[in-house]
1. What is the number of the single condition among (1) in a helix (DSSP H, G or I); (2) at pLDDT below 90; (3) not hydroxyl-bearing (Ser, Thr, Tyr) that Arg389 does not meet?
2. When you check Arg276 against the structure, is it of a type in the set (D, E, K, R) and modelled with pLDDT under 90, yes or no?
3. Does Glu34 satisfy the condition of being surrounded by fewer than 20 Cβ atoms within 10 Å (Cβ to Cβ), at pLDDT below 95 and among the acidic types (Asp, Glu)?
4. Just to be sure before I move on: is Val66 buried (at least 24 other Cβ atoms within 10 Å of the Cβ), in contact (Cβ under 8 Å) with a residue 60 or more places away in the chain and closer than 19 Å to Gly119 by Cβ in the structure I sent?
5. Out of all the residues in region 133-185, which are of a type in the set (Ser, Thr, Tyr), in contact (Cβ under 8 Å) with a residue 60 or more places away in the chain and under 30 Å from Lys30 (Cα atoms)?
6. State the number of residues belonging to region 92-120 that are at pLDDT below 95 and of a type in the set (Phe, Trp, Tyr).
7. On the given criteria, is Ala74 surrounded by fewer than 22 Cβ atoms within 10 Å (Cβ to Cβ) and of a type in the set (A, V, I, L, M)?
8. Considering region 351-378 alone, what residues qualify as being under 41 Å from the mean Cα position of the chain (by Cα) and in contact (Cβ under 8 Å) with a residue 60 or more places away in the chain?
Amino acid sequence: MSLLAVGVSHQTAPVALLEQFAMTADDRVKALHELVGSDHVTEALVLATCNRIEVFAEVDRFHGGVTDVGRVLARQAGATVEELSPYVTVHYEDQAVEHLFTVAAGLDSMVVGETQVLGQLRAAYALAREEGTVGRALHPVAQRALRVGKRVHSETGIDKAGASLVSVALDRAEARIGSLGGRPVLVVGAGSMGALAATTLARRGADVVVSSRTDASAERLAETVGGRPAPLDRLAEELAAADLLLTCTGATGLVVGTDVVTAAMAARSGSERAGRPLVVVDLALPRDVDPGVAAIPGVHVVDLALLQGERGDGSGPVAADDIRSARAMIEAETALLRAERRAAEVGPTVSALRSQAAEVVDAELLRLAGRLPDLDTRARAEIARTVRRVVDKLLHEPTVRVKELAATPGGTDYAGALRALFGLGIDADVTPGSGRLADAVTVDPERTGGAA
């Protein structure tokens, strides 16, 4: 059994494609059960955020696992595996572990050092546990990833310097209209991202108005940040009085159309707000705001596509030393988990070896009893003890050493060597490291059938 990571992220795909992967809570549950119900995936965790969808799975075959996961991703995106292939990355075993740790630490985010992804991973793990799709293999990997992410943020300067996607988007907005202090701002969406946005805006001194499809959710969030709630059906009216709209709902269709924004801007023309620009920040995936809004005079749109295009190296204010420290921590934690996994993998081989030795001893003692039927009971017992003691001593050193060697770096399959030497049976499969989906599936196209 081996760990596999297959996914699409802002590193490889445009926002338009990422939108196709948008998942509701029900979609996540369906995907989890579809994955573990496939031929080669035994455990699965799905991390779906506005910047990525990645599947971390325990599989019994590399090619088969890539095929199974790729098909689920393709179905979710409404595309073919061939269409997705240029944008999908595949990581295997140690590379998959290191990639998950890197994601958890915020080093693979659009804004390096952001902390929201750690909470999203925690939620993804909790859902997989609730649905029973993680087991003995993925539990320790996910738990270690959460620990690594927490360590990176607490033991390096990334936690202080790294900004959230919300903060970066608001920085872009302030570059357009100036400080948000005292300005009326409308937040549409009261989920986790909406709460983060409203809280960040309140800290910047904005007058926050919260609107949501559920009035109770809007009221709770507004009370938390010291703002006020507003019904969603009054969107145009509230927008006419706002300097900034930030939307981040979980809707699958458009929430803010061009008609609403046009009406809001028209309402400004006859008031003291005439000529004041409106900044629209759309952090939803799929997007909440009609793309046509960007063409309305006086409206400036900041969305994920813009942030993706402007991210540069994504590091922002994070110091190079902090990034190096974080990567060193990830490397050390990956090596430690690798040692633990390999040591655990040796256990069944050692047990099989000892069981085989016990069977050989029992067979030989039975043969001895047939050849020497007159041997007295005491002598027979002493011979049995001596033979078993000799076998135990012969096996002690190799079994102790194989456990020690399995935990050392280098990647040598000592357990496999032991199985080969003693004829315990070998189960082999191609085990590449990391790369794009096209590279993975062309290793053995006959088995993958051209699929992911």
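1. That leaves (2) as the condition not met.
2. It is true that Arg276 is of a type in the set (D, E, K, R) and modelled with pLDDT under 90.
3. Numbers: surrounded by fewer than 20 Cβ atoms within 10 Å (Cβ to Cβ): yes; at pLDDT below 95: no; among the acidic types (Asp, Glu): yes.
So Glu34 fails the test.
4. Values: buried (at least 24 other Cβ atoms within 10 Å of the Cβ): yes; in contact (Cβ under 8 Å) with a residue 60 or more places away in the chain: yes; closer than 19 Å to Gly119 by Cβ: no.
So Val66 does not fit the description; no.
5. Residues of region 133-185 of a type in the set (Ser, Thr, Tyr): 133, 154, 156, 164, 167, 179.
Those left that are additionally in contact (Cβ under 8 Å) with a residue 60 or more places away in the chain: 133, 156.
If the condition is that a residue be of a type in the set (Ser, Thr, Tyr), in contact (Cβ under 8 Å) with a residue 60 or more places away in the chain and under 30 Å from Lys30 (Cα atoms), then Thr133 is the only one that fits.
6. Of the residues in region 92-120, 1 are at pLDDT below 95 and of a type in the set (Phe, Trp, Tyr).
7. Here the answer is yes, as Ala74 does meet what is asked.
8. Ala352, Leu353
The values are calculated or read from the model by the stated rules, or taken from the named source; none is laboratory data. Worth saying up front: this structure is predicted, and the values here are computed from it rather than measured. Positions of Cβ are generated from backbone atoms using ideal geometry, with glycine treated the same way; all protein chains shown enter the neighbour counts.
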